Structures are given as structure tokens and as C-alpha cells.
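The numbers here are math on the coordinates, done by the rules we state, and not lab data. Quantities reported herein were computed from a predicted structural model and do not represent experimental measurements. All Cβ positions, glycine included, derive from the backbone under ideal geometry; neighbour counts span all protein chains shown.
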Amino acid sequence: MVDWERIYKLLDDITPLAVDCGRLCGAACCTEWEQGAGVYLLPGEEGMFSGLEEWLAREERSIGEYGFRPGSKSRSYIIRCNGTCPRERRPFACRTFPVTPYLSPEGKFELRLDEAAVLLCPLVKAGDIKILEKRFLMRTRLAWEELLREPQIRKIIEWKSRQIDIMERDPWRKLLELS
């Protein structure tokens with residue numbers, strides 16, 4: 001079982017850059033960049049939120065609704081901030097943005113920039129994870145290594161990693177490499 005309080009505390013006082021990276025983009029990741037956009041919580045993370053917080057709206061979803069383990073009867077949650085959240089209460093995905101975990105088909109773990117956020121985050125657009133703070137990357141790695149011990153979370157990350165593999169093989173990527 002994941003100790004979410006410990007995971008959150010591990011990531012409390014770190015950020016991707018030594019300065020407020022929100023100044024680069026107007027804090028785009030902390031706003032509703034698309035109508036209804038929110039953050040998916042990992043299994044068990046919903047316990048960190050009572051559902052009564054005034055700053056967020058929590059919505060229950062079937063895991064199969066967004067692709068993880070199709071046909072699964074498991075439930076998960078998405079949360080949307082009503083304005084801005086108290087920084088110390090932000091969910092795990094916000095604490096580790098713009099980094100995403102990746103598991104190779106052989107099971108090797110690595111951190112990558114989340115290419116799905118390329119239109120939102122200038123750090124992703126820069127395309128070099130090495131520009132991020134080493135301490136941020138180290139603690140994010142530690143958190144993910146612990147989370148990946150949880151079978152349900154590992155299955156989600158394996159699924160997401162296979163989606164990344166498919167995206168990387170898409171022919172449209174070659175068009176971007178030419179420019």
C-alpha cells in the first residue's frame with residue numbers, strides 16, 4: 001500500500017527549475033488550459049482529498065474510460081482546481097509535471113519529459129530533461145520507483161509506456177524532425 005503522505009512530502013519543496021517556472025508560461029499548467037481539463041489521480045491517491053475541499057472538484061471515473069486496462073471495473077478520480085490550489089495540497093501529477101515515467105518493454109524504468117504537454121509547457125518544448133533541477137529529478141525518480149511497486153499503478157504506467165511507444169513510431173513525427 002502506498003504511503004501517499006510520505007510521497008507528497010518527498011516532493012513538497014522541489015520544483016522543475018531553481019526559479020518559478022510558471023513565469024515562463026504564465027503558470028499554464030496551473031490553469032484550466034482546456035475546458036474541463038483536470039488531473040487524474042493514481043489509485044489510492046484519492047485518499048489525500050476528502051472531496052470537501054472548496055478549491056477542487058473531484059469526479060469518479062471508470063479506469064477503462066481513459067484507456068487504462070480497458071473493460072476494467074476499477075474506479076479512479078480526476079480533480080479540477082477551482083482557480084488555484086494550495087501548493088502544499090497539489091496532487092502527485094502536478095508535483096512531478098512535466099516529467100512522466102516510462103517502462104521499456106523489458107521493464108527498464110526511466111523518466112521522460114511528457115510530450116503530451118508540448119503545447120502547454122516550454123520545458124517540454126525545449127526537449128531536454130537535463131535542464132530540469134537534479135534534485136527534482138532525483139526525488140521524482142524515488143517517488144516513481146516506490147509507486148511502481150504497487151501492481152495497479154505499474155500496470156497503468158506499462159499501458160502509458162506502450163502508448164508512448166506507439167506515438168514515437170507515428171509517421172507524423174518525421175515531419176517535425178525535418179523542420
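Model label sites at residue 170 and residue 149, defined 7 Å from Cα along the beta-carbon direction, differ in position by 3.6 nm.
Restricting the GluC sites (Glu not before Pro) of the range 113-177 to loop positions (DSSP other than H, G, I, E, B) with no more than 16 neighbouring Cβ atoms within 10 Å leaves 133. Potential lengthening of the chain between residue 135 and residue 20 amounts to 39.9 nm, from the contour at 0.36 nm per residue minus the alpha-carbon distance. Here residue 130 is the anchor, and the aspartates and glutamates within straight C-alpha reach of less than 18 Å, apart from those fewer than 8 places off in the same chain, are 20, 110, 114, 115.
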